[in-house]
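All remarks here apply to the structure that follows.
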Amino acid sequence: MSRHRLRAGRVLVMVVAPAAVLAVTCAFAGCEEPERDSGPRFNFPVDAPEEDALVAEVDAFSPPRDASVDRALEAEAEAGPPLLVRALATGSAEHPDPLVGNGDHTCVVAGPTRSPYCWGANDHGQLGNGKTGAGTFAEDVATATKIALDETGLPFDGVEELSLAAWHSCARKGDVLFCWGERFTGAQAEPPAALNADRTAPRAIGNFDISRAAAGGPHTCGLKTSGKIACFGHSAFNELGRPNAMDPVCTAPIFYDYHANPNHPCVGTLLEVSFAALPKTTSLVAGEVHSCALADGRVHCWGANTSGELGRPGTGTAELNAQIVVTDPGLLTPLDGVSRLANDGAKHTCALRANGVVCWGLNDVGQLGVDPVALPLRGFAGAPIAGTAGASSIGVAERVSCAVKSDDTVVCWGADLAALGDGGTGSSFTPVAVRGPGGVGLLGNVAAVAPGARHACALKKDGTVWCWGKNDRGQLGDGTKVDSAYPVKVTNLP
């Protein structure tokens, strides 16, 4: 597989009412749906009034809380205003054909009605505002814009989860999945359509009750409430977790960089993976052309493995069955104790453990936190990245990784492309601290971070969102299209 630039990002924040901070969990076998921990999603109790003060879990990727942390969060909520921005997700892509566009959009869930707001690139309707650039930059938006209505004209609020791919976006309301944007690949669970037949408003995907969702490359996966995983979209590399020999062929410009062939197998219908349900699955992530699940503290991946994406020794053959990620090529010890997982459209994956962040897959610019000259890829998790012990959030885009440290500051490593936030332009395989606005001090009080292809965004605990990097598509959301090496505040959020 040649190097196709396709990226997506997702970072989510858990928010609950003070009366419901202590969660009750159950064993997988004893529940009607998969166990839900404090994992990478958030929950809004239906009996909690909107005016109650909200307690922000530092980030969807933070370790499970103990009682002392719960008490601290309750005290923090009593001392300050409610957190109005509740989720942050960035979807980005890069393609050698300028007519295809570069993705680069960001969305949040904000305000008392939990409505999605998006900004940046809209070349395939991925902002969900009823418009599309139809393969051009004409409808890009430089400030946060609310998605008010779904495709049927009903109010689109009460969103509980966001997941953005390169040119399509998805959101979960209760157990219903909505998607919008490009239709090239069937990644919206409908037959692949002609070019530019974009969905410009959220469309409900029926017959698919889910508790988790992951939009990554040109495919989407969901964790059904039954505990089984189902996927749809591009299937050439077994990223849907099932045989693809009988899948129909679709044609799309985003495939031109795969073996120089625009024709690839795609599935526009909901199909369950061929392997058995993974007990106690708490999250899913979708890579460029592979997928992963976090189940009972271990990571399972399937799909393409040309760059070590599956986290096991050896590369090459794509896998349609879930493979357990290991820590060491000799001992083949399973990676366990994982609390959070980030992949999001990249050829590498990062996981959060108590002792820090570990990563595997492609390392051409140091996105694994190790010297790319010595190790251009790695098919196992390896040692924790220095300085990331106690991190509360992780985010991944292709060729860049970020984490929120225990002191609520942000570090990033890998390709710069103006996304490292340190004012420089060079890549770094060691974590680089993101500077504050105007380059003064460090960006602090951060709850979550979402890097993209050429920019990154962070959600602060006060509910504000800050972005830095390239801004030619309006992806910084500050009302301009002026690049910024340091964080600028997103405008027009409630």
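Among residues that are in contact with a Gly (Cβ under 6 Å, 6 or more places away or on another chain) and either more than 16 Å from Pro334 (Cα to Cα) or hydrophobic (A, V, I, L, M, F, W, C) (or both), Gly356 is not included. The residues on offer are Ala187, Ala197, Ala171, and the sole one that is without any contact (Cβ under 8 Å) to a residue 24 or more places away in the chain and of a type in the set (A, V, I, L, M, F, W, C) is Ala197. Screening region 200-257 for residues that are in a strand (DSSP E or B), farther than 16 Å from Ala166 by Cα and of a type in the set (S, T, N, Q) and picking the one that is farthest from the chain's Cα centre (by Cα) gives Thr251. Would you mind stating whether Asp407 is part of a loop (DSSP other than H, G, I, E, B) and modelled with pLDDT of 95 or more? For Asp407, the condition - part of a loop (DSSP other than H, G, I, E, B) and modelled with pLDDT of 95 or more - is met. Only one entry of Val285, Val273 meets the criterion of being free of Cβ contacts under 8 Å to residues at least 60 places away in the same chain, in contact with a Cys (Cβ under 7 Å, 6 or more places away or on another chain), of a type in the set (Val, Ile, Thr) and surrounded by 17 or more Cβ atoms within 10 Å (Cβ to Cβ), and that entry is Val273. Within region 161-184, which residues are of a type in the set (A, V, I, L, M, F, W, C), outside any strand (DSSP E or B) and under 30 Å from Asp483 (Cα atoms)? Within region 161-184, Ala165, Ala166, Trp167 qualify. Of all residues in region 155-186, those being among the aliphatic types (A, V, I, L, M) and closer than 19 Å to Asp209 by Cβ number 5. Put simply, of Val325, Val410, Val365, Val358 the only residue that is crowded, with 18+ Cβ neighbours inside 10 Å, over 23 Å from Gly426 (Cα atoms), out of contact with any Asp or Glu (no Cβ under 6 Å at 6 or more places or on another chain) and β-branched (Val, Ile, Thr) is Val325. Selection within region 339-355: residues that are outside any strand (DSSP E or B) and buried (at least 24 other Cβ atoms within 10 Å of the Cβ). The member of this set that is modelled with the lowest pLDDT is Asp344. Picking from residues in region 298-322 that are surrounded by fewer than 18 Cβ atoms within 10 Å (Cβ to Cβ) and free of Cβ contacts under 8 Å to residues at least 40 places away in the same chain, the one that is farthest from Ile229 (Cα to Cα) is Gly316.
Kindly evaluate Asp371 against the criterion of being modelled with pLDDT of 95 or more, part of a loop (DSSP other than H, G, I, E, B) and either of a type in the set (Phe, Trp, Tyr) or under 22 Å from Ser392 (Cα atoms) (or both). Criteria not met by Asp371. Counting the residues of region 444-494 that are more than 27 Å from Thr136 (Cβ to Cβ) and either among the basic types (Lys, Arg) or free of Cβ contacts under 8 Å to residues at least 24 places away in the same chain (or both) gives 3. Kindly indicate whether any position in region 474-483 is charged (D, E, K, R), buried (at least 17 other Cβ atoms within 10 Å of the Cβ) and under 15 Å from Val404 (Cα atoms). Taking every residue of region 474-483 in turn, none turns out to be charged (D, E, K, R), buried (at least 17 other Cβ atoms within 10 Å of the Cβ) and under 15 Å from Val404 (Cα atoms). Can Ala187 be described as under 16 Å from the mean Cα position of the chain (by Cα), part of a loop (DSSP other than H, G, I, E, B) and closer than 24 Å to Gly158 by Cβ? It is true that Ala187 is under 16 Å from the mean Cα position of the chain (by Cα), part of a loop (DSSP other than H, G, I, E, B) and closer than 24 Å to Gly158 by Cβ. Pull up region 90-135, narrow it to residues that are hydrophobic (A, V, I, L, M, F, W, C) and surrounded by fewer than 19 Cβ atoms within 10 Å (Cβ to Cβ), then point me to the one that is modelled with the highest pLDDT. For region 90-135, the residue satisfying everything is Ala134.
Scanning region 140-160 for residues that are assigned to a loop (DSSP other than H, G, I, E, B) and crowded, with 19+ Cβ neighbours inside 10 Å turns up Asp140, Ile147, Asp150, Phe156, Val159, Glu160.
The values are calculated or read from the model by the stated rules, or taken from the named source; none is laboratory data. Source: prediction; values computed, not measured. Don't worry about glycine lacking a Cβ; one is built from the backbone with ideal geometry, like all the others, and counts go over all protein chains shown.
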